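S.K.: What follows is a structure written as structure tokens; I'll ask about it next.
The values are calculated or read from the model by the stated rules, or taken from the named source; none is laboratory data. Since this is a predicted model, take the numbers as computed values, not measurements. Reconstructed Cβ throughout: ideal geometry from the backbone, glycine too, with neighbour counts over all protein chains shown.
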Amino acid sequence: MSGIAEVLAAYIAKVDALDDAVYAAIQTGALKIERTAKELFRSRDEESIPNEPPRVQTGRARASITHEIERSERRAEATIGTNIDYGPDLEFGTSETFPHPFMAPAYIENEEEIMRDVENAARSTL
């Protein structure tokens, strides 16, 4: 019986290591998206261009961008965004304003690298 217990313990340890590695890669990916979104904001002196990232006016929108990781058993999910009430209006526009996306471009810019990092983290534990 001890052979089965040892195999099971080794399996559980491997799965836990996989979870930890993938969680770390997701955390790093969330930080990359957050940083890129903040960097995309245009200077206050630049012209506001429809469908381009917004320009800084007070800095409140840029400063509010953050991330949160929800981790439960065998699952991790990152949420990156802003909690300001006009954040969606900046990103998607309104019936009266053009969109000035900053979150979607930040995700797109980092997506391939993050997916590669998560895959490499998983492979490194197997």
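S.K.: What pairs can you find where one residue is in the range 22-50 and more than 24 Å from Asn120 (Cβ to Cβ) and at pLDDT 95 or above, the other is of a type in the set (Phe, Trp, Tyr) and surrounded by 19 or more Cβ atoms within 10 Å (Cβ to Cβ), and their Cβ atoms are less than 6 Å apart, with a gap of 6+ or different chains?
M.R.: Matching pairs, first to second residue: Leu40/Phe102.
S.K.: Give the residue that is nearest to Pro54 (Cα to Cα), with candidates limited to residues of the range 107-126 that are touching a residue at least 60 places away in the same chain (Cβ under 8 Å) and β-branched (Val, Ile, Thr).
M.R.: It comes out as Ile114.
S.K.: As an exercise: evaluate Glu77 against (1) surrounded by 12 or more Cβ atoms within 10 Å (Cβ to Cβ); (2) free of Cβ contacts under 8 Å to residues at least 60 places away in the same chain; (3) closer than 30 Å to Ala122 by Cα and give the number of the one condition it does not meet.
M.R.: (1)
S.K.: Taking Glu68 and the conditions (1) among the charged types (D, E, K, R); (2) part of a helix (DSSP H, G or I); (3) surrounded by fewer than 18 Cβ atoms within 10 Å (Cβ to Cβ); (4) under 18 Å from the mean Cα position of the chain (by Cα), which numbered condition does it fall short on, given that it satisfies the others?
M.R.: Here Glu68 clears every test but (2).
S.K.: Out of everything in the range 71-93 that is among the hydrophobic types (A, V, I, L, M, F, W, C) and not in a loop (DSSP other than H, G, I, E, B), what residue ends up being modelled with the lowest pLDDT? Before you say what the answer is, go through the steps one by one.
M.R.: Going residue by residue through the range 71-93, those that are among the hydrophobic types (A, V, I, L, M, F, W, C) are 76, 78, 80, 84, 90, 92.
Checking the rest, the ones that are also not in a loop (DSSP other than H, G, I, E, B) come to 76, 78, 80, 90, 92.
Numbers: Ala76: 89, Ala78: 96, Ile80: 98, Leu90: 96, Phe92: 97.
Among those that are among the hydrophobic types (A, V, I, L, M, F, W, C) and not in a loop (DSSP other than H, G, I, E, B), it is Ala76.
S.K.: If you take the residues of the range 7-61 that are β-branched (Val, Ile, Thr) and assigned to a loop (DSSP other than H, G, I, E, B), which of them is surrounded by the most Cβ atoms within 10 Å (Cβ to Cβ)?
M.R.: Applying the filter and picking the extreme gives Val56.
S.K.: I want to confirm something. Restricting to the range 98-126 and keeping residues that are modelled with pLDDT of 95 or more and not in a helix (DSSP H, G or I), which single residue is farthest from the chain's Cα centre (by Cα)?
M.R.: Among those that are modelled with pLDDT of 95 or more and not in a helix (DSSP H, G or I), it is Phe98.
S.K.: For the range 89-106, enumerate the residues that are without any contact (Cβ under 8 Å) to a residue 24 or more places away in the chain and either buried (at least 18 other Cβ atoms within 10 Å of the Cβ) or in contact with a Ser or Thr (Cβ under 9 Å, 6 or more places away or on another chain) (or both).
M.R.: Once the filter is applied, which keeps residues that are without any contact (Cβ under 8 Å) to a residue 24 or more places away in the chain and either buried (at least 18 other Cβ atoms within 10 Å of the Cβ) or in contact with a Ser or Thr (Cβ under 9 Å, 6 or more places away or on another chain) (or both), the range 89-106 yields Asp89, Glu91.
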